[in-house]
1. What whole-number value in Å² describes the accessible area per residue of the chain for a 1.4 Å probe?
2. Report the FRET efficiency, 1/(1 + (r/R0)^6), for TYR195 and ARG141, where r is their Cβ-Cβ distance and R0 is 25 Å, rounded to 0.05.
3. With runs of 4+ DSSP H residues as the only contributors, calculate the mean residue ellipticity of the chain at 222 nm using -39,500 (n - 2.57) per run, divided by the residue total and rounded to the nearest 500.
4. Mind listing the phi-derived Karplus ³J(HN,Hα) values for the range 109-114, rounded to whole Hz, using 6.51, -1.76 and 1.60 with θ = phi - 60°, and x for any glycine or proline?
5. If one puts a single equal scatterer on every Cα of the range 119-202 and applies the Debye formula without solvent, what log₁₀ I(q)/I(0) results at q = 0.17 Å⁻¹?
6. Using each residue's phi in the range 51-60, evaluate 6.51 cos²θ - 1.76 cosθ + 1.60 at θ = phi - 60° and report the 3J(HN,Hα) Karplus result to the nearest Hz, with x for Gly and Pro.
7. Relative to the Cα centre, what is the charge dipole magnitude of the chain, using +1 at the beta carbon of each Lys and Arg, -1 at the beta carbon of each Asp and Glu, and rounding to the nearest 20 debye?
8. Pulled fully out, how much extra length does the chain show between LYS15 and HIS156, if you take 0.36 nm times their separation in residues and subtract their Cα-Cα distance?
Amino acid sequence: VLECIDLGITFGGLKAVDNFNVTIGRTEITGLIGPNGAGKTTVFNLLTKVYQPTHGTILLNGKDIHDLNTAQVNRAGIARTFQNIRLFGELSVEENITVAMDTQMLEILRALATNPSLLLLDEPAAGMNPSETAELMENIRSIRDTFKIAVLLIEHDMNLVMNICEGIAVLNFGHVIAKGTPEDIQNNPEVIEAYLGKQKEA
């Protein structure tokens, strides 16, 4: 459904994303992970044409979408949710969380209303407890199965990523440093180093 070839963007000489290559199958759930500031949301902004890529190609269902704007990309089949961290000052913490839980699913349903072939989820488990995250996992799976669509998700909850994703791409400083199955990624020394820092020699 999606193929990115050498995709990249430069902001004033800084390569925010460089040579991003990823292929997503028609009903595949793929994770895009990496440390904060790695360029994950920038990739979503490139895919949805919030930013125009400096170089590279995006193929959606085999069609080059370089000349499409955000609305046209949405009509062509990419829908996305956003990180919605907005608090209501007049509500209690508990009420804020309740609203957020409903808003998380509402965002997904609103994105599905556009009948996409690819759904981009930006940190869907943010602020959720383990049982809510487990429910979200089931929801994402059933959305994929019911609508026969692909899902690309940015997520910091490694438990969710490792349990739901068939393929994972790891971004660090705008570069893909690893791609593979959850097992491949968990055992990749470069990924471990990106997340945990270099282990000092004893």
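1. On a per-residue basis, 53 Å².
2. Once the sixth-power term is evaluated, E becomes 0.45.
3. Mean residue ellipticity, 222 nm, calculated: -11000 deg cm²/dmol.
4. Working through the residues one at a time gives 5, 5, 5, 5, 4, 7 Hz.
5. Evaluating at q = 0.17 Å⁻¹ gives log10 I(q)/I(0) of -0.76.
6. 10, 8, x, 6, 8, x, 10, 10, 9, 10
7. The dipole magnitude comes to about 640 debye.
8. Taking LYS15 through HIS156 to full extension adds about 48.5 nm, to one decimal.
The values are calculated or read from the model by the stated rules, or taken from the named source; none is laboratory data. Predicted model only: the values in this text are computed from it and were never measured. With ideal geometry, Cβ positions are generated from the backbone for all residues, glycine too; neighbour counts draw on all protein chains shown. Just so you know, the surface numbers come from the protein's heavy atoms only, side chains and all, with ligands and any DNA or RNA stripped out. Shrake-Rupley method; radii C 1.70, N 1.55, O 1.52, S 1.80 Å.
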